[in-house]
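S.K.: Structure provided below as structure tokens; questions to follow.
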Amino acid sequence: MAKARASLACAALLIICIAPGSTQIASRDRILRLVDAADVAGVKGTAHPLARAQYDQGRTTPTRQLSASLVFRLSPAQQADLNRLLREQQDRSSANYHKWLTPDQYAARFGMSSHDLAKVTSWLASQGLTVDGVSRNRNEISFSGSVGQVEYALKTEIHNYSIRGEQHFANATDFGLPVAFASEVLGVRGLNDFRPKPRLRRASPRFTSNISGNHFLIPGDFATIYDVPSAYDGTGQMIAVVGQTDISNTDIDAFRSAAGLAKKDPVVVLVPGSGSLAHFSGDETEADLDLEWSGAVASNATIKYVTVGNNTNFSVFDSLSYAIQNNVAPVISISYGNCEANLGKSFVLTMQQSAQQANSQGQTISGPSGDDGAADCDFKATSATHGLAVDVPASIPEVTGVGGTEFTGDASQCPIDPTTGKHLCPGSVAPADPPYWNGSSSPTSGASALIYIPEKTWNDTVSGQTFSSGGGGASIFFGKPSWQVGTGVPNDGKRDVPDIALNASNGHDSYLICSQDYFDSANPPVTLTSCTTGFRASDGQSLQGIGGTSAGAPTFAGIVALINQATSSNGLGNVNPMLYALSPSSGVFHDVTSGTNKVNCTVGTKNCPSGTTSIGFSAGTGYDQVTGLGSLDVTKLITAWLAAIPSSPDFDLDGLVSTASAPGQSGTSTITVTAENGFAGTVSLACAPSSSTAQISCALNPTSVDLSSSKTGTSSLSITTVADLQPPSGMHQRGLWMMNGGGMIAAVFFAGIPSRRRWIGLFGLVLIAAAITGVGCGGGSGTPVQKNQGTPAGTYVITVTGTSGSLSHSTTVSFTVQ
């Protein structure tokens, strides 16, 4: 009986050994059906929201070339894993607190499998489309082709549209994809050329000077009003500003010179495949504002300007995606947006998935809440007709939405003669405006703000003129994040916007910039040269003033860079949980309690019933849907942040992905050990493959890293695979013949035999094969047959552990055998 049981076990083992081995990457395959181009399912909600019949100008020329990307959603298991990770990365009691992923680690954990990507790329090619590449996060496939080819493959139509005098193209209907993977696709980018608009407002002529007698904001004023500490300047930090135009460093240099800052040009990063760098009027003014003012707050930080070229179906949103997928910088500023309804749920969810990747990598995203009050879909309108709406990306929970305020304590400015446009204060020197401002006596005078100036909500909207007010309200797509709690937070079950606010007024104390495009893009254009004498133009008088929540996004990005510097952090991820957790009594926030973001509405339209003349929200104690938690005292914010984070010495580990092209080849990865909070010890390192990777070995050199004199150290991880083995000769080869050839004989011999008898006979044949080959089971004789396959293709995981005393941390390295 014992021998019988052993023989049965041996037979079972033999069947298992013959079965194809599985790998981790295979377990993540999601496209399990045959990809049949004739078996198509529609992907709901993917028609462009602005592709409306009243704007339709007919089909787009079929030969027009398009570049687009299929974006895949995470599987339910991956999304649950990512949600858990994001919570743990912000939980100070978790071992994953601030343990950020690299882009390649994110791809290995949350990307599509190689098998799935291969199936979709093969289908794209079969439709006549050119596959341009797979994204670094393994969740996008870029492709290109003619409009006709794209329409045929995606089962949609692409039409031309004329909207408010602008010409665009977009997909007129939802697109369709093979049933095998249609449910795995979140959206398709690049099927339209609706570039988002900058969120800025040109200033009304009310500035501080001996010419106008009024106030403006330069970097020194911002630092005084919002208590930016001089101890931090962004040294060693990086900020990514995203845009959709080329820039001129002449403007950046002029701004920094006028502000008394050292020259420091931004590093320009062009998104591959997006065309050539080109200047776009209006967009360049936005880029100048963002680059100048992020660098004004964090004056010594490295600013990376990520932009797309002149291919118009690429936009700033592609710049944002590139900055995330390549982890360009720990802080990202975007000053563009659109209302949720105009972008559509499908596209907005692709943006959220991208923002979650950013947070998992330690990146913080700062975005504007919009400049059209509570009616964000009514862009630069005079009366709202589309109802209450909020701006994307600010409404995404993984983005910090920045609203707008306006100073109220300095209202005693000099009146202006409506005929001459000159101030009516006596003398040629503007008087001081105590206790908030010094007087200003020269065209190049520096900062004049003295203390914090009280604020109200920003709303410079004048009846009959276009909206000019901070955005805010409730999202129609996102539920209430668990961290969005506190006094004043609506119990509405929705993500509320904004989170914080900073000065945004374009009519009262606006920001000064240097931008030749500001004059060139005016309507009509102004023949002046920007910033020739300090901040003044070539006429010796004109200034370039800017307002809008576009100013709040880059200045807050600069503030986050200062927090990174103060905390010696390599990223903060989503800062919203910390902002809402900070006590209102800590003095971090200036609670803004007066004013509204209400704008006129047309009676009978959405959210504007009879008897209503305006829609929007009012400021109040604590949180409100106009200014969020309030504006910031940056010194107190940094102090509170330092008090809230772990301060004991520690270290962190990080590794890179390695790829072997074939079994038998080796791979390497650099393991980086980083000291945190003053750690100055030696970290011992060890590595181990997961239990399912017996045919992979690893080694580290060196096996310890000394951080007593350096903040970082490295070790080289070597990963070795096993090559395919040739079958042995003689008995073993005959045995293998029996195993393989016998299977073919069985297929013939048992054909036509009833099912029950066929399985009995097959089982007997297996026992005979086991006896002949001597597989080493149940006391059989002869040398065991070696496997004829080396390390199977697939993705494996190597765990590297570092220890120092009671401290122990691990990181994983994804290793792919192709």
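The values are calculated or read from the model by the stated rules, or taken from the named source; none is laboratory data. In this text the structure is predicted, and so the values were computed from the model without any measurement. For neighbour counting, all protein chains shown are included, and Cβ atoms are generated from backbone atoms with ideal geometry for every residue, glycine included. The area values use the complete protein model at the heavy-atom level, side chains included, leaving out ligands, DNA and RNA. Shrake-Rupley method; radii C 1.70, N 1.55, O 1.52, S 1.80 Å.
S.K.: Being hydrophobic (A, V, I, L, M, F, W, C), open to solvent by 40 Å² or more (accessible area, probe 1.4 Å), outside any strand (DSSP E or B) and touching a residue at least 24 places away in the same chain (Cβ under 8 Å): is that true of Ala643 here?
M.R.: Judged against the criteria, Ala643 is not a match.
S.K.: Inside segment 280-304, can you point out the residues that are surrounded by 24 or more Cβ atoms within 10 Å (Cβ to Cβ) and β-branched (Val, Ile, Thr)?
M.R.: Within segment 280-304, Thr285, Val297, Ile303 meet the criteria.
S.K.: Of the residues in segment 552-581, how many are within 22 Å of Pro397 (Cβ to Cβ), among the hydroxyl-bearing types (Ser, Thr, Tyr) and in contact with a Gly (Cβ under 9 Å, 6 or more places away or on another chain)?
M.R.: Matching residues across segment 552-581 total 2.
Every residue, every condition in (1) aliphatic (A, V, I, L, M); (2) farther than 16 Å from Phe467 by Cβ, yes or no:
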{"position": "Asn338", "(1), (2)": "no, no"}
{"position": "Phe347", "(1), (2)": "no, yes"}
{"position": "Thr350", "(1), (2)": "no, yes"}
{"position": "Gly373", "(1), (2)": "no, no"}
{"position": "Phe379", "(1), (2)": "no, no"}
{"position": "Ala389", "(1), (2)": "yes, no"}
{"position": "Ser395", "(1), (2)": "no, yes"}
{"position": "Gly403", "(1), (2)": "no, no"}
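S.K.: Got a number for residues in segment 237-257 being out of contact with any helix residue (DSSP H, G or I) (no Cβ under 9 Å at 6 or more places or on another chain) and crowded, with 24+ Cβ neighbours inside 10 Å?
M.R.: Selection size over segment 237-257: 0.
S.K.: Then there is this: Name the one entry in Leu86, Leu129, Leu124 that is among the aliphatic types (A, V, I, L, M) and closer than 20 Å to Ser183 by Cβ.
M.R.: Exactly one of Leu86, Leu129, Leu124 is among the aliphatic types (A, V, I, L, M) and closer than 20 Å to Ser183 by Cβ, namely Leu124.
S.K.: Determine whether segment 131-142 contains at least one residue that is modelled with pLDDT of 95 or more, open to solvent by 10 Å² or more (accessible area, probe 1.4 Å), touching a helix residue (DSSP H, G or I) at 6+ places or on another chain (Cβ under 9 Å) and more than 25 Å from Pro393 (Cα to Cα).
M.R.: Yes, segment 131-142 contains a residue that is modelled with pLDDT of 95 or more, open to solvent by 10 Å² or more (accessible area, probe 1.4 Å), touching a helix residue (DSSP H, G or I) at 6+ places or on another chain (Cβ under 9 Å) and more than 25 Å from Pro393 (Cα to Cα).
S.K.: Tally up the residues in segment 15-47 that are open to solvent by less than 90 Å² (accessible area, probe 1.4 Å), in a loop (DSSP other than H, G, I, E, B), modelled with pLDDT under 90 and not hydrophobic (A, V, I, L, M, F, W, C), please.
M.R.: Here the count works out to 4.
S.K.: Can you tell which of Val489, Val392 is modelled with pLDDT of 95 or more, touching a strand residue (DSSP E or B) at 6+ places or on another chain (Cβ under 9 Å), buried (at least 22 other Cβ atoms within 10 Å of the Cβ) and hydrophobic (A, V, I, L, M, F, W, C)?
M.R.: Val392
S.K.: Residues that are polar (S, T, N, Q), assigned to a strand (DSSP E or B), more than 30 Å from Asp654 (Cα to Cα) and touching a residue at least 24 places away in the same chain (Cβ under 8 Å): does segment 113-125 have at least one?
M.R.: no
S.K.: Shifting gears a bit: Of these, Asp706, Asp654, which one is of a type in the set (Asp, Glu), open to solvent by 40 Å² or more (accessible area, probe 1.4 Å) and in contact with a Phe, Trp or Tyr (Cβ under 9 Å, 6 or more places away or on another chain)?
M.R.: After applying the criteria, what remains is Asp654.
S.K.: Please work out which residue is modelled with the lowest pLDDT, limiting yourself to segment 428-468 and to residues that are among the charged types (D, E, K, R) and open to solvent by less than 70 Å² (accessible area, probe 1.4 Å).
M.R.: Out of the qualifying residues, it is Asp433.
S.K.: Looking at segment 458-472, can you tell me whether even one residue there is among the aliphatic types (A, V, I, L, M) and not in a loop (DSSP other than H, G, I, E, B)?
M.R.: no
S.K.: Okay, moving on. In segment 549-574, what residues are among the hydrophobic types (A, V, I, L, M, F, W, C) and under 14 Å from Val634 (Cα atoms)?
M.R.: Phe556, Ala557, Ile559, Val560, Ala561, Leu562, Ile563, Ala566, listed by residue number.
S.K.: OK, next. Restricting to segment 262-289, what's the tally of residues that are in a loop (DSSP other than H, G, I, E, B) and closer than 23 Å to Thr364 by Cβ?
M.R.: Count: 3.
S.K.: Looking at segment 81-102 only, could you name the residues that are part of a helix (DSSP H, G or I), open to solvent by 20 Å² or more (accessible area, probe 1.4 Å) and not acidic (Asp, Glu)?
M.R.: Asn83, Arg84, Leu86, Arg87
S.K.: Looking only at segment 508-528, count how many residues are acidic (Asp, Glu) and either at pLDDT 90 or above or open to solvent by 10 Å² or more (accessible area, probe 1.4 Å) (or both).
M.R.: Qualifying residue count for the region: 2.
S.K.: Another question about this same structure. Just checking, which of Gln105, Gln54, Gln78 is exposed (fewer than 15 other Cβ atoms within 10 Å of the Cβ) and part of a helix (DSSP H, G or I)?
M.R.: None of the others qualify; the one that does is Gln54.
S.K.: Does Ala182 fit the bill of being farther than 23 Å from Gly367 by Cβ, at pLDDT 90 or above and surrounded by fewer than 20 Cβ atoms within 10 Å (Cβ to Cβ)?
M.R.: So Ala182 fits the description; yes.
S.K.: Among (1) closer than 30 Å to Ile218 by Cα; (2) of a type in the set (Gly, Ala, Ser); (3) open to solvent by 10 Å² or more (accessible area, probe 1.4 Å); (4) touching an Asp or Glu at 6+ places or on another chain (Cβ under 9 Å), which single condition is Ala262 missing?
M.R.: Among (1) closer than 30 Å to Ile218 by Cα; (2) of a type in the set (Gly, Ala, Ser); (3) open to solvent by 10 Å² or more (accessible area, probe 1.4 Å); (4) touching an Asp or Glu at 6+ places or on another chain (Cβ under 9 Å), the lone unmet condition for Ala262 is (4).
S.K.: Between residues in segment 694-707 that are closer than 23 Å to Pro663 by Cα and residues that are β-branched (Val, Ile, Thr) and open to solvent by 50 Å² or more (accessible area, probe 1.4 Å), which pairs lie under 6 Å by C-beta distance while being six or more apart or on different chains?
M.R.: Sorted first by the residue in segment 694-707, then by its partner, the pairs are Gln695/Val722; Ser697/Thr720.
S.K.: Out of all the residues in segment 250-259, which are more than 17 Å from Phe222 (Cα to Cα) and over 26 Å from the mean Cα position of the chain (by Cα)?
M.R.: Within segment 250-259, Thr250, Asp251, Asp253, Ala254 meet the criteria.
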